[in-house]
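Working notes, beginning with the structure itself.
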Amino acid sequence: MNMLTRLWPGEGFRCIARYTRDENVPVHKRMRNSWHETTDAALEAARRYDAAGLDVYFCPSLFSEKSRKQQAAVSTNSIPIDLDAGPGKPHATYKAALGALLAW
């Protein structure tokens, strides 16, 4: 069982987002969502986007419609935490970021 199967166990739309850093693409078109009725279809899309060199993200919620608005969310089985660490980030290392999270 993969992580996405555990994350999305129910019915609803799954969102895979992809982002291109291509400066020839207008900023407002660099992030795009794709919507999938099954986890397998979402995983296949994520693999295609990754193979094309795009940054790939997933939304942890299932949705009743093709919208990432709060009112369309039907379930969320996790609480994602984004810890930024490294050069130019709030924390120098991932250990420092984790320490800040635990202190919080």
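The values are calculated or read from the model by the stated rules, or taken from the named source; none is laboratory data. Remember, it's a predicted structure, so these values are computed and weren't measured experimentally. Here the Cβ positions follow ideal geometry from the backbone for every residue, glycine too, while neighbour counts run over all protein chains shown. Each accessible area value is taken on the protein alone, full model and side chains, heavy atoms only, with ligands, DNA and RNA left out. Shrake-Rupley method; radii C 1.70, N 1.55, O 1.52, S 1.80 Å.
Obtain the nm distance between the two label points defined at residue 50 and residue 33 by a simple spin-label model: each point lies 7 Å from its Cα along the Cα-to-C-beta direction.
Between residue 50 and residue 33, the simple spin-label model gives 2.2 nm.
Between residue 6 and residue 84, with labels modelled 7 Å along Cα→Cβ, what's the label distance in nm to one decimal, could you check?
2.8 nm
Which of the listed residues, 92, 17, 51, is farthest toward the dipole's positive end in the chain, when Lys, Arg count +1 and Asp, Glu count -1 at the beta-carbon?
Checked the options; the winner is 92.
With every protein chain left in place, what is the accessible area of residue 18 in Å² (1.4 Å probe, nearest 10)?
Number for this one is 60 Å².
Please get the size of the charge dipole for the chain, origin at its Cα centre, with Cβ charges of +1 on Lys and Arg and -1 on Asp and Glu, quoted in debye to the nearest 20.
Dipole magnitude for the chain comes out near 180 debye.
How many Å² of accessible area per residue for the chain, probe 1.4 Å?
Dividing the accessible area of the chain by its residue count gives 73 Å².
Work out the charge dipole of the chain with +1 on the Cβ of Lys and Arg and -1 on the Cβ of Asp and Glu about the Cα centre, then indicate which of 63, 2, 31 is farthest towards its positive end.
Result: 31, furthest along the dipole toward the positive end.
In what order, largest first, do 31, 3 sit by accessible area if the probe radius is 1.4 Å?
Largest to smallest exposure gives the sequence 3, 31.
Give the label of the value calculated from the structure for mean projected area of the Cα convex hull in nm², choosing from (1) 7.0; (2) 6.3; (3) 8.6.
(3)
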